[in-house]
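Asks: So that we are looking at the same thing, I have put the structure below in structure tokens.
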Amino acid sequence: MAPEDHISLSWCAPGDIPQVRELIGRHWRPGHVMARDARLYAWQFHDPGRPQGLSVLLARRGGELVGHLGLIPGDFNLQGRRLPCRWTSLWFVTKQTQATGAGVALLRKAQEECGGLLGCLGYNQEALRVFGAMGFDLLPALPRWLRLGRASALHGLLAGSPQPYPPQVGQDLAQAAGLAALRPAPGLEVRDWASLGPRAWREAWERDLAPGGLGTWLDEDFITWRYVRHPVFRYTVRLVLRPADGRVLGLMVYRVQELAGRAEKILRLLELACREEARDVLLQDLLARVEELGPAFVDFHCASQDLAPALERAGFLREESLPAMLPSLFQPLDFRQARLPAALWAPRDQGLARGVLNSPGLYLTRGQGDQDRPN
Amino acid sequence: MVWQYMRDDIKQVMAQVFRLPVDQIPDTAKINNLLNWDSLGHIQLMLALEDRFGLRISAENILKLQSLEAIEQFLAQTAPAAPPA
């Protein structure tokens with residue numbers, strides 16, 4: 001192989017960012033937000049363990065960038081044990097570099113050097129085959145829950161679809177919403193994140209939620225980085241407080257998605273991490289916001305089967321029970337039917353990733369990889 | 001003789017991975033010039049070689065092992081004595 005054809009792999013340094021953004025814009029997708037927005041890119045791939053660098057692996061051929069694999073740090077909670085974990089993002093090589101093994105070499109290097117779990121949310125069929133070949137366990141689709149907001153807004157939104165929606169979609173959502181019956185939760189109050197602060201959440205996370213949990217390590221650092229200080233989106237973070245003893249029992253995160261050129265909105269629920277007795281009061285708080293804002297619908301991608309009864313009491317339905325899927329990409333509004341698959345790989349323990357993905361207690365949401373970001 | 005043994009062994013692995021008769025795998029086989037030796041085929045081949053020869057192929061070597069000849073040279077230098085197929 002001639003020296004100019006040799007492909008090398010390395011971690012991204014801050015000085016690489018302009019070239020990387022050009023690579024994304026030219027070879028991944030013209031106008032991609034990560035090519036346009038340097039601040040968002042630096043935020044997305046910040047690496048607490050590598051203050052001088054970014055959590056991105058790059059492939060170069062003769063000095064020219066030809067491949068990219070983002071690895072978003074997001075540790076994993078295995079019933080109170082904190083395991084290092086990263087979520088893959090923007091994994092691609094240039095067209096001229098395909099069939100050189102550079103793509104799989106990037107993933108193999110991540111397996112070698114990340115020292116923990118590797119996950120992926122959202123991938124295409126080609127990536128699916130490579131993930132499978134490289135020992136990842138796969139979840140075909142992260143369950144999506146839907147709740148009617150305002151019927152007229154849903155009707156208006158779906159009327160814009162190039163393919164007509166069966167009326168049963170709206171009817172089923174309306175029926176489920178009409179049966180909502182959340183339980184009263186005396187003695188619990190819902191407060192803003194700002195009023196209680198990260199310390200209150202840290203205590204709740206470490207004392208009550210992490211020990212029995214399975215999913216992303218949702219401590220105050222993660223919540224602050226991922227939601228409170230997001231560089232583009234404005235998330236609402238709500239906490240449940242039991243004033244009698246000052247304990248925080250759970251957290252909810254959502255945001256309102258405006259649709260360019262349209263009057264309708266979507267409300268996207270991103271987190272519902274709480275003790276069982278706090279679920280209904282958080283969802284009641286969410287429904288009050290829904291009533292106020294009148295979105296077409298609320299959506300929530302979440303693996304947890306434990307949350308299902310509370311979500312059903314709030315009038316949510318699993319998307320798979322509907323005759324058609326609702327749009328899940330909003331910038332721009334895209335009616336193509338897209339599921340959100342997940343993949344997980346664990347070093348040394350072949351059964352761990354499969355056990356995690358098959359557990360009814362797995363708490364994995366759309367917001368924990370890179371699947372709720374501007375386009 | 002050792003070289004021939006190794007080459008035949010690699011061809012057996014490649015034949016299984018790429019679902020081709022062994023006699024259709026030329027000595028000059030390279031990624032992208034042999035049926036099914038594409039990106040996915042490449043990682044499947046690397047994993048099959050790891051299994052067959054009891055070694056781990058690093059990310060850097062995945063990038064280098066792009067021909068039958070390169071694989072043969074790599075295994076001659078690094079593989080434990082190949083067990084009978």
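Asks: Report, to the nearest 10°, how far helix A:279-293 tilts away from the longest principal axis of the Cα atoms in chain A, using its own Cα long axis and a range of 0 to 90°.
Replies: 90 degrees
Asks: Something else about it: Can you list the equivalent-ellipsoid semi-axes of segment A:262-375, largest first and in whole Å, using the square root of 5 times each Cα gyration tensor eigenvalue?
Replies: Ellipsoid semi-axes (Å, largest first): 26, 20, 13.
Asks: Probe radius 1.4 Å, ligands and nucleic acids left out: which of A:TRP193, A:TRP28 has the largest accessible area, and how do the rest follow?
Replies: Numbers: A:TRP193 25, A:TRP28 95 Å².
So the residues, ranked largest to smallest area, are A:TRP28, A:TRP193.
Asks: Shifting gears a bit: Taking every pair of alpha-carbon atoms in segment A:144-338, give the share separated by more than 21 Å as a whole percent.
Replies: More than 21 Å apart: 52 percent of the Cα pairs in segment A:144-338.
Asks: Moving on to the next point. Chain pair A, B: how much accessible area is buried, both chains summed, with a 1.4 Å probe, in Å² to 100?
Replies: Using a 1.4 Å probe, the pair buries roughly 1600 Å².
Asks: Follow-up. I'd like the accessible area for A:CYS114, computed on protein heavy atoms only with a 1.4 Å probe and all protein chains in place. Round to 10 Å², please.
Replies: Result for A:CYS114: roughly 20 Å² accessible.
Asks: Same structure, new question: Assuming R0 = 45 Å, what is the FRET efficiency of A:ASN124 and A:ARG247, from their Cβ-Cβ distance, to the nearest 0.05?
Replies: 0.55
Asks: Could you compute how much accessible surface A:TRP11 exposes when probed at 1.4 Å, giving the result in Å² to the nearest 10?
Replies: Spelled out: A:TRP11, probe radius 1.4 Å, area about 50 Å².
Asks: Follow-up. Using helices alone, I'd like the mean residue ellipticity at 222 nm for chain A: each DSSP H run of four-plus residues gives -39500 (n - 2.57), total over residue count, nearest 500.
Replies: Taking each H run of at least 4 residues, the total per residue is -8000 deg cm²/dmol.
Asks: Quick one: ranking A:ASP334, A:ASP192 by accessible area, 1.4 Å probe, largest first, what do you get?
Replies: Descending accessible area places them as A:ASP192, A:ASP334.
Asks: Another question, if that's okay. What is chain A's relative contact order, in percent, from Cα pairs under 8 angstrom and six or more apart in sequence?
Replies: 21 percent
Asks: Using a 1.4 Å probe on protein heavy atoms, which residues of segment B:28-50 have at least 40 Å² less accessible area in the complex than alone?
Replies: By number: B:SER39, B:LEU40, B:ILE43, B:LEU47.
Asks: Next question, about the same structure. Per residue and in Å³, how big is the convex hull formed by the alpha-carbon atoms of segment A:176-284?
Replies: About 129 Å³ per residue, rounded to a whole number.
Asks: Keeping all protein chains in position, work out how much accessible area A:GLU276 exposes to a 1.4 Å probe, and write it in Å² to the nearest 10.
Replies: 130 Å²
Asks: A follow-up question, please. Can you give me the C-alpha center-to-center distance between segment A:119-189 and segment A:1-57, rounded to a whole angstrom?
Replies: Result: 32 Å between the Cα centres.
Asks: Take peptides A:76-82, A:101-107 and line them up by average Cβ neighbours within 10 Å, highest first, as a rough protection proxy.
Replies: Highest mean packing first, the order is A:101-107, A:76-82.
Asks: May I ask you to work out the translational diffusion coefficient for segment A:112-221 at 20 °C, viscosity 1.002 mPa s, via Stokes-Einstein with Rh from the Kirkwood sum over Cα pairs, reported in whole µm²/s? The partial results should precede the final answer.
Replies: Details: Rh = 19.4 Å.
Roughly 110 µm²/s, to the nearest whole number.
Asks: List the equivalent ellipsoid semi-axes of chain A in whole Å, largest first, each obtained as the square root of 5λ for an eigenvalue λ of the Cα gyration tensor.
Replies: For chain A, the ellipsoid semi-axes come out as 36, 25, 19 Å.
Asks: Carbon and sulfur together cover what percent of the accessible area of chain A at a 1.4 Å probe radius?
Replies: 49 percent
Asks: Leaving out ligands and nucleic acids, and using a 1.4 Å probe, what accessible area per residue does the protein assembly as shown come to in Å²? Please report the intermediate quantities before stating the final value.
Replies: Details: 20230 Å² over 460 residues.
Accessible area per residue, the protein assembly as shown: 44 Å².
Asks: May I ask for the percentage of alpha-carbon pairs in segment A:3-139 that lie more than 25 Å from each other?
Replies: When all Cα pairs of segment A:3-139 are counted, 24 percent exceed 25 Å.
Asks: Moving on. With 19 Å as the cut-off, how large is the P(r) tail for segment A:268-326, expressed as percent of Cα-Cα pairs?
Replies: That tail contains 28 percent of the Cα-Cα pairs.
Asks: Just checking the output field for B:63-70: average partner chain Cβ neighbours within 10 Å of each residue's Cβ? Walk me through the intermediate numbers first.
Replies: Working: counts 15, 5, 1, 6, 1, 0, 0, 1.
That average works out to 4.
Asks: Just to check I understand the Karplus step: with θ = phi - 60° and J = 6.51 cos²θ - 1.76 cosθ + 1.60, what whole-Hz values come out for segment A:48-57, glycine and proline as x?
Replies: Calculated HN-Hα couplings, in order: x, x, 9, x, 8, x, 10, 7, 9, 9 Hz.
Asks: Using only the Cα atoms of segment B:2-78, build the gyration tensor, take square roots of its eigenvalues as a ≥ b ≥ c, and label the shape rounded, prolate or oblate: rounded if a/c is under 1.5, else prolate if a/b is larger than b/c, else oblate. Please report the intermediate quantities before stating the final value.
Replies: On the way: a/c = 1.45, a/b = 1.10, b/c = 1.31.
Rounded.
Asks: Something else: Could you please state how large a percent of the accessible area of segment B:2-78 is carbon and sulfur, counting protein chains only and using a 1.4 Å probe? Please list the in-between numbers first.
Replies: Working: 1830 of 3820 Å².
Using a 1.4 Å probe with all protein chains present, segment B:2-78 comes out at 48 percent carbon and sulfur.
Asks: Can you tell me, using C-alpha contacts under 8 Å and at least 6 residues apart, the relative contact order of segment A:164-322 as a whole percent?
Replies: That works out to 28 percent.
The values are calculated or read from the model by the stated rules, or taken from the named source; none is laboratory data. This one's a predicted model, so the numbers in the text were calculated from it and none came from an experiment. A quick note on method: Cβ atoms are made from the backbone with ideal geometry, for glycine too, and the neighbour counts reach across all protein chains shown. All accessible areas refer to the heavy atoms of the entire protein, side chains included, with ligands and DNA or RNA removed. Shrake-Rupley method; radii C 1.70, N 1.55, O 1.52, S 1.80 Å.
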